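Okay, so here's the structure we're looking at.
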Amino acid sequence: MFELNGKVAVVTGASSGLGADAARAYAKNGANVALLARRKEKLESLAEELRTFGVDALPVECDVTSEPSVKAGIEEVIQHFGKIDILLNNAGIAVRGGVDTLSVADWDKSMDVNVKGIFLVSKYVVPHMKEKNYGKIVNISSVNAFIGDKQDIFIRHGYNASKSAVLGLSMAMAASYGKYNITVNSVCPGLFETEMTENSLFKSDAFLEGYSAVCPMGRPGKKGEVSGPILFFSSEASSYVTGQFVIVDGGTSFV
């Protein structure tokens, strides 16, 4: 049920972190993968790695906040593979600050990457899925769509708002596109070590100790632990699941 042989998956924000991990999981389960991000050199290195699993991998330089860039990127994917079965909207950023300290530019940046990026990529992928009467869309939200934080190191109001918007957009898309056999679901990670967190949250021993004390699992997430839920929503294992989300945070959000 989790096999993806012959499927084509598009992963945004694929150059590092959760996106790169998900791309590896897709490839290991038989999917050909289109890797989209701004840093082409990192994508090329990852593509070489994925090809060792016996699949095709296409690195595509793409800025998800730019409609011309997205349009050209998706056209390149279709020209190369002929179809898109799976879309993982993973590209995202987290800018620190509350509404009293964030600049308008930083607020807009959060919304542009985290929400507008999903809109733009989906805008150019969904028509191909509708034509094939098949599609699996997975949007990466965050546990911070549901919870805030009073610690200064973790206050990111633009991030919270944008990740809540991802859930609303995902449910709306699921309601509209189910008749085309397209499912749309969300994954909401908690704290993982990625490029976004390794130089900020993971630099604070006090923060990590406090987080681990609160988290039922007693630790942040490990590399690859988000890939399982992503694979579930991307495969036939979730053929009758749409408009849903799963929180992957070691239980932190319910204690």
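The values are calculated or read from the model by the stated rules, or taken from the named source; none is laboratory data. In this text, all values refer to a predicted model and were calculated from it rather than measured experimentally. Every residue, glycine as well, gets a Cβ built from its backbone with ideal geometry; the counts of neighbours run over all protein chains shown.
Residues in the range 25-79 that are of a type in the set (V, I, T) and without any contact (Cβ under 8 Å) to a residue 60 or more places away in the chain: V33, T52, V55, V60, V64, T65, V70, I78.
So for the range 237-251 (the condition being in a helix (DSSP H, G or I) and at pLDDT 85 or above), does at least one residue qualify? Write out each step before concluding.
Step one: filter the range 237-251 for residues in a helix (DSSP H, G or I), giving 237-238.
Those left that are additionally at pLDDT 85 or above: 237-238.
Scanning the range 237-251, I find at least one residue that is in a helix (DSSP H, G or I) and at pLDDT 85 or above, so the answer is yes.
All of (1) over 27 Å from N5 (Cα atoms); (2) touching a helix residue (DSSP H, G or I) at 6+ places or on another chain (Cβ under 9 Å); (3) in a loop (DSSP other than H, G, I, E, B) hold for A165 with one exception: (3). Answer yes or no as to whether S69 is modelled with pLDDT under 95 and among the hydroxyl-bearing types (S, T, Y). Considered against the rule, which asks whether it is modelled with pLDDT under 95 and among the hydroxyl-bearing types (S, T, Y), S69 comes out as no. Going by the conditions given, is K150 among the charged types (D, E, K, R) and either without any contact (Cβ under 8 Å) to a residue 24 or more places away in the chain or assigned to a loop (DSSP other than H, G, I, E, B) (or both)? Yes; evaluated as a whole, the condition is true for this residue.
A105 passes every criterion in (1) over 20 Å from the mean Cα position of the chain (by Cα); (2) not in a helix (DSSP H, G or I) apart from (2). Anything in the range 49-85 that is β-branched (V, I, T), under 25 Å from V113 (Cα atoms) and in contact with a strand residue (DSSP E or B) (Cβ under 7 Å, 6 or more places away or on another chain)? List them, or say none. If the condition is that a residue be β-branched (V, I, T), under 25 Å from V113 (Cα atoms) and in contact with a strand residue (DSSP E or B) (Cβ under 7 Å, 6 or more places away or on another chain), then V60, V64, V77, I84 are the ones that fit. Restricting the range 129-152 to residues that are over 26 Å from G210 (Cβ atoms) and buried (at least 19 other Cβ atoms within 10 Å of the Cβ) leaves a set whose member that is nearest to the chain's Cα centre (by Cα) is N139.
Counting just the residues of the range 153-188 that are surrounded by fewer than 20 Cβ atoms within 10 Å (Cβ to Cβ) and among the polar types (S, T, N, Q), which one comes out farthest from L87 (Cα to Cα)? Out of the qualifying residues, it is S164.
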